[in-house]
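Notes follow once the structure below has been shown.
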Amino acid sequence: MPNLSPVAGVRQAGSLFALFLDVFRLIFKRPFQGREFVQQAWFVASVTIFPTMLVSIPFGAVIALELGTLARQIGAQSFTGSASVLAIIREASPIVCALLIAGAGGSAICADLGSRKIRDEIDAMEVLGISPVQRLVVPRVLACVLVSVALNGLVCVVGVAGGYFFNVVLQGGTPGAYLASFSALAQLPDLYAGEIKAFIFGVIAGVVASYKGLNAGGGPKGVGDAVNQSVVITFLLLFFTNFVITAVYFQVVPAKGS
């Protein structure tokens, strides 16, 4: 039965933050595990690229359909394209990347580290003077960050293309108006904000998955519980962080035309 006391929760949060600081500190320490980083980046990309594309299409479609219907009701059909692009680039794209990174890549990372933990491989590395954080965690976190940022651009393209198709084909929108309205409300800082979100979300997914994997116990059942907990915790942190970043962004970057 897990300890649900407030003190245990604060201790867990402190340990997670300490791992984040250790990862940031050991990124610049040599030797860098380049081979492990490439292998993990390829693995995370291989398990997330195709599902991300499949998820981004209905995301873009739903946003385009909802905004197209609303714009038609208020007589602002000319702004459907720009509103759809803003919604996809600012919010939908980073969230889709983060959910897939946490659900597919993060769960695999947690299971891998958890299985190493219950086989006492992590303890053996520490006895030999090898830092598990530098050897195992840092390459995996950097791999999650790289793949998350790259997938964000992919989701933007696929989501905007899906939104264009559903708005023009299913709702009878004008292709020229949809494309011409891109520059009406959208601006380059919107893309920067989306990439920053994807970067931060990748860090969160990688650190949380690694933390739960390194602290797994109780045999295979404990590893399964750690995987479930890592996904749930990552989702909660992602949505909270997304709210904070969005609120700060609207305070720092003025809306175009304001």
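The values are calculated or read from the model by the stated rules, or taken from the named source; none is laboratory data. The structure displayed is predicted, hence computed values, not measured ones. Methodologically, a virtual Cβ is constructed for each residue, glycine included, from the backbone with ideal geometry; neighbour enumeration extends over all protein chains shown. Ligands, DNA and RNA are excluded from the accessible area calculation, which covers all protein heavy atoms including side chains. Shrake-Rupley method; radii C 1.70, N 1.55, O 1.52, S 1.80 Å.
Some points to look at:
- Residue satisfying all of: in the stretch 16-32; among the aliphatic types (A, V, I, L, M) and assigned to a helix (DSSP H, G or I); most open to solvent (accessible area, probe 1.4 Å) among these: Leu21
- Contact map, the stretch 211-228: residues that are at pLDDT 80 or above paired with residues that are surrounded by fewer than 18 Cβ atoms within 10 Å (Cβ to Cβ) and not in a helix (DSSP H, G or I), Cβ distance under 8 Å, separation 6+ or inter-chain. Pairs shown: Asp225/Gly218.
- Selection of first residues in the stretch 18-39 that are over 16 Å from Ile200 (Cα atoms) and of second residues that are open to solvent by less than 80 Å² (accessible area, probe 1.4 Å) and outside any helix (DSSP H, G or I), restricted to Cβ pairs under 8 Å at least 6 apart or on distinct chains, gives the following pairs, ordered by first then second residue: Leu26/Ser131.
- Matching helices (runs of 4 or more DSSP H) fully within the stretch 57-162 where at least 2 residues are under 22 Å from Arg35 (Cβ atoms) and within 16 Å of the chain's Cα centre (by Cα): 107-118
- Any hit, the stretch 109-122, residues being open to solvent by 10 Å² or more (accessible area, probe 1.4 Å), farther than 12 Å from Phe201 by Cα and touching a Phe, Trp or Tyr at 6+ places or on another chain (Cβ under 8 Å): no
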